[in-house]
Amino acid sequence: MRKTKKDYAKKTIDLLDQAQLEIKRTLEAGKDNIALSLLEQCQEAAIELGNFIEKLEGEGFATIPLLEEYCENLFLFYEEVQRRQKDRSVSASVPLNQKCWYVPNLKSLHKSLIAIENSVKNDIKVRKEVVFLPYKASMWDALESIWDAACKDPDCDAYVVPIPYYDKNQDGSFGQMHYEGELYPDYVPIVRYDKFNLAEHQPDMIFIHNPYDESNYVTSVHPFFYSVNLKRYTDCLVYVPYFTLKEVDPEDQKKVEKIEHFCMTPGVIHAHKVIVQSENMRNVYISVLTNRMGANTRKIWEEKILGLGSPKYDRVIAIKKEELEIPDEWMEIIKKPDGTWKKIILYNTGVSALLQHDDHMLKKMENVFEICQKNKEEMALLWRPHPLIKATICSMRPRLWKRYESIVQKYQAEGWGIYDDSADVDRALVLSDAYYGDGSSLTRLFSKLGKPVMIQNVECLEE
C-alpha cells in the first residue's frame with residue numbers, strides 16, 4: 001500500500017477514536033439521539049475503511065476480520081442505546097454504576113480499535129511509488145542508475161513516463177511537438193504520459209532532468225510538466241542535471257560566475273531535492289544560491305542540494321565495450337581490410353560554440369571533415385552533434401540552417417565516417433578511443449573512462 005493511502009487509513013482510525021470520545025460525552029449528557037447518529041457514522045466509516053483495505057491488500061487481509069468485529073460491537077452498542085432510550089426513568093439519583101452502563105461497550109470498542117490500529121501499522125507494508133519524467137531519450141542516462149535502484153527495491157514501484165517537448169519558434173511560441181517514448185532501451189518499460197494520471201497516483205517521488213520550465217529559448221517540455229507545477233503532485237520532486245560540469249573551486253569567483261546560471265534554473269528553485277555530481281559542486285550551488293537569494297536562505301540550500309554524484313557516470317562506467325551492439329554500417333567504417341580496428345574518434349559538436357561562432361563554426365566543421373577524410377584509412381570519425389542542435393539553429397540562427405543541413409547531407413552521402421544522432425550516447429562514449437570537439441559534459445565522462453580529450457579551437461583551421 002502507498003504511504004498516502006496508509007496515512008488515510010490511520011487518519012480514519014484517529015477519527016473513529018475521536019468519535020468514541022464524543023459518544024461518551026453525549027451519553028453522559030443524556031443526548032442519546034446524537035450518540036446513535038455517531039454510532040451510525042462510525043459504522044459507515046469502518047465499513048468504508050474495510051472496503052478500502054480489501055481493495056488494496058486483498059480479500060481476507062489481517063485487518064478485515066478486526067474491522068468486522070468492531071462493526072459488530074458498534075451494532076450491539078447501538079441496539080443497547082436504543083433500548084436504554086426507551087427507559088427515561090434514569091435520573092441524578094440513579095447509582096453511578098447505572099448511569100455509566102455504557103462504559104463496558106466503550107471499552108470493547110476501544111480494544112477493537114487498538115487491534116485495528118496495530119494491524120494497520122504492522123501488517124500493511126508501505127510501497128513507495130517513484131516516477132521518472134525524462135523528455136530527451138538521449139538524456140536518459142542522467143536518471144537510469146536511480147531508476148535501476150528503484151526497480152531492485154522490492155517495496156518500490158517505478159514508472160518511466162517520457163514527456164513531450166516542443167521546439168520553440170523565434171518569437172518564443174511553441175513549434176513542433178516531439179515524443180521520444182519509442183527511443184528508450186528495450187529493457188526500460190515505458191508508460192505514455194497521456195495514460196498516467198499524476199493527480200491520482202500522487203507519487204512519493206518524481207525525478208526530472210529538465211530544469212528550465214519556460215526559460216529555455218530553444219525547447220520546452222509541455223507546461224504541465226514544468227517543475228513549478230509538478231511539485232503539486234508529490235512531496236519530493238527531485239532534479240538531476242542531464243549534464244555534468246567542469247569542477248571548479250567554490251572560492252574561485254570568476255569560474256563560479258561562468259556556471260552560476262546552471263544553479264539558478266527553475267528546476268533547482270522548485271525541486272525539493274537536487275542531486276549534483278560532487279560534494280564540491282554542491283558547495284558551488286549553495287554559494288551561488290545563498291549569494292543570490294540572501295544569507296538567511298543558506299540552510300534551505302544546504303538541505304536541498306545533495307552531492308551524491310551523477311548517474312551519467314554510473315551508466316557509462318557500467319557498460320562493457322564487448323557488450324555493445326554496433327550497426328553493420330558502422331563496422332564497415334571501423335574495420336581495416338585486415339580485420340583490425342581503426343582508432344575511433346568521437347567528434348562532438350555542441351550548441352554553445354555554434355551560437356558563439358556562427359559561420360566560422362560551420363567552416364571549422366568542414367575543415368575537420370576534410371582532414372579526417374584524408375586519414376580515414378587509420379581513423380574512423382564518429383560525429384555526434386548535440387541532440388538539440390537542429391532546434392537551436394532553427395530557433396536562434398535560422399539563416400545557418402541550409403548550410404548546416406548541406407554539411408550533414410554531404411558527410412552522410414560520402415560514407416567514410418559515422419553519423420550518430422541516436423538516443424544512445426553511451427555507446428559512442430564506450431566505443432570511441434578519444435574525444436575531439438567542443439567543450440561538453442561528455443568530456444567529463446571521457447575522463448572518467450581514462451580516455452584522451454581534445455577540445456577544438458574554432459579559430460584554428462588546418463591546411
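Please tell me if N118 is out of contact with any helix residue (DSSP H, G or I) (no Cβ under 7 Å at 6 or more places or on another chain), in a helix (DSSP H, G or I), modelled with pLDDT of 95 or more and open to solvent by 50 Å² or more (accessible area, probe 1.4 Å). Spelling it out, N118 is indeed out of contact with any helix residue (DSSP H, G or I) (no Cβ under 7 Å at 6 or more places or on another chain), in a helix (DSSP H, G or I), modelled with pLDDT of 95 or more and open to solvent by 50 Å² or more (accessible area, probe 1.4 Å). Filtered by the rule that a residue be crowded, with 20+ Cβ neighbours inside 10 Å and not in a helix (DSSP H, G or I), region 121-150 gives V130, V131, F132, L133, P134, Y135, K136, L143.
Can you tell me which residue is surrounded by the fewest Cβ atoms within 10 Å (Cβ to Cβ) among those in region 440-462 that are in contact with a Gly (Cβ under 7 Å, 6 or more places away or on another chain) and either touching a residue at least 60 places away in the same chain (Cβ under 8 Å) or closer than 24 Å to G181 by Cα (or both)? Taking the candidates together, the pick is Q456.
For region 402-418, enumerate the residues that are within 27 Å of W140 (Cβ to Cβ) and either in a loop (DSSP other than H, G, I, E, B) or open to solvent by less than 60 Å² (accessible area, probe 1.4 Å) (or both). Scanning region 402-418 gives Y404, V408, Y411, G417, I418. Checked against (1) open to solvent by 20 Å² or more (accessible area, probe 1.4 Å); (2) in contact with a helix residue (DSSP H, G or I) (Cβ under 8 Å, 6 or more places away or on another chain), L198 meets all criteria but (1). The set of residues from region 376-401 being open to solvent by 10 Å² or more (accessible area, probe 1.4 Å), over 13 Å from D358 (Cα atoms) and of a type in the set (A, V, I, L, M) comprises M379, L388, A391.
All of I344, I317, I305 fail the test of being under 26 Å from L143 (Cα atoms), touching a helix residue (DSSP H, G or I) at 6+ places or on another chain (Cβ under 8 Å), modelled with pLDDT of 95 or more and among the β-branched types (V, I, T), apart from I305.
Say whether the condition of being in a helix (DSSP H, G or I), under 26 Å from T219 (Cα atoms) and touching a residue at least 60 places away in the same chain (Cβ under 8 Å) is met by at least one residue in region 366-389. Checking region 366-389: not a single residue is in a helix (DSSP H, G or I), under 26 Å from T219 (Cα atoms) and touching a residue at least 60 places away in the same chain (Cβ under 8 Å). Of all residues in region 290-307, those that are within 18 Å of Y239 (Cα to Cα) have Cβ atoms under 6 Å from Cβ atoms of residues that are of a type outside the set (F, W, Y) and open to solvent by 90 Å² or more (accessible area, probe 1.4 Å), 6 or more apart or on another chain, in G307/E279. No other residue among K6, K10 is part of a helix (DSSP H, G or I), open to solvent by 50 Å² or more (accessible area, probe 1.4 Å) and on the phi < 0 side of the Ramachandran plot apart from K10. Considered as a group, the residues in region 151-163 that are open to solvent by less than 10 Å² (accessible area, probe 1.4 Å) and aliphatic (A, V, I, L, M) include one that is nearest to P311 (Cα to Cα), and that residue is V160.
The values are calculated or read from the model by the stated rules, or taken from the named source; none is laboratory data. Nothing here was measured: the structure is a model prediction, and the numbers come from that model. Counting neighbours? That spans all protein chains shown, and the Cβs are built from the backbone with ideal geometry, glycine included. The accessibility values were calculated without ligands, DNA or RNA, using every heavy atom of the protein model including side chains. Shrake-Rupley method; radii C 1.70, N 1.55, O 1.52, S 1.80 Å.
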